[in-house]
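Remarks on the structure that follows.
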Amino acid sequence: MDPVFYGPGEGEHHDAGSAQIIIKAASDHTGGSFFLAESTLAPGFAGPPPHHHRELHDMFYVLEGTLTLRLGDRTIEAGPGSFACVPPGVVHTFRNDGDDPVRLLNFNTPAGWENYMRDLAETAQSTPLTPEVIARVASRYDFEFAE
């Protein structure tokens, strides 16, 4: 593997409707160990339906705005500097209830989540990303629906 460097705003860009995704590190950059994306969620972004992962650790670090996170039975308003690490098996979701965009880093280990992000962005080119549409795309990955 070769080192990777991206300056501000650089990386693999994807337009997923109300979510803008910049992939900074993917499987081929990390030997399959982790995925990292910088995402900007528009006001009103509904997020995915509640779900959990079998193997994936899902992590969120808020850079700007307030991200609403459901972690198990708790709902948290996560402002800048907030970090959440969601281990496999824990039901979670996220959304932007605010009037301003939310910018965050999304880390996942192991890697591979970049393929979901790419598929999600491709789907967004032909249909709005409702929770149901997100769920359909996510069902092809380590994503199990919860209530």
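What follows draws every value from the coordinates through simple rules; no lab data is involved. In this text, all values refer to a predicted model and were calculated from it rather than measured experimentally. Positions of Cβ are generated from backbone atoms using ideal geometry, with glycine treated the same way; all protein chains shown enter the neighbour counts.
Worth a mention:
- Overall form of segment 77-146 per C-alpha gyration tensor (a/c, 1.5; a/b vs b/c): oblate
- Spacing of the two label points (7 Å from each Cα toward its C-beta) at residue 127 and residue 77, in nm: 3.4
- Backbone HN-Hα couplings from phi across segment 90-105 [Karplus 6.51/-1.76/1.60, Hz, Gly and Pro as x]: 8, 5, 7, 6, 8, 7, 10, 8, x, 8, 10, x, 10, 10, 8, 9
- The relative contact order of the chain comes to 31 percent, based on Cα pairs under 8 Å that sit 6 or more residues apart.
- Value of [θ]222 nm, deg cm²/dmol, for the chain, DSSP H segments ≥ 4, -39500 (n - 2.57) each, nearest 500: -4500 deg cm²/dmol
- For P(r) over Cα pairs in 10 Å bins from 0, in percent, calculated from these coordinates, the label among (1) 13, 46, 34, 7, 0; (2) 11, 37, 33, 16, 3, 0; (3) 12, 44, 38, 6, 0: (3)
- Amide H contacts under 5 Å for residue 57, placed H, 5+ residues apart: 109
- Percentage relative contact order, segment 64-147, counting C-alpha pairs under 8 Å, at least six apart: 25
- For segment 126-139, putting each phi into the Karplus relation 6.51 cos²θ - 1.76 cosθ + 1.60 with θ = phi - 60° gives couplings of 10, 7, x, 8, 7, x, 5, 5, 4, 4, 5, 5, 5, 4 Hz, in residue order, rounded to whole numbers and with x for Gly and Pro.
- With θ taken as phi - 60° and the Karplus curve 6.51 cos²θ - 1.76 cosθ + 1.60 applied, the whole-hertz 3J(HN,Hα) list for segment 32-44 is x, 7, 7, 10, 9, 9, 9, 10, 10, 9, 5, x, x Hz, x standing for glycine and proline.
- Between residue 144 and residue 64, the modelled labels are 3.8 nm apart [label points 7 Å from Cα along Cα→Cβ].
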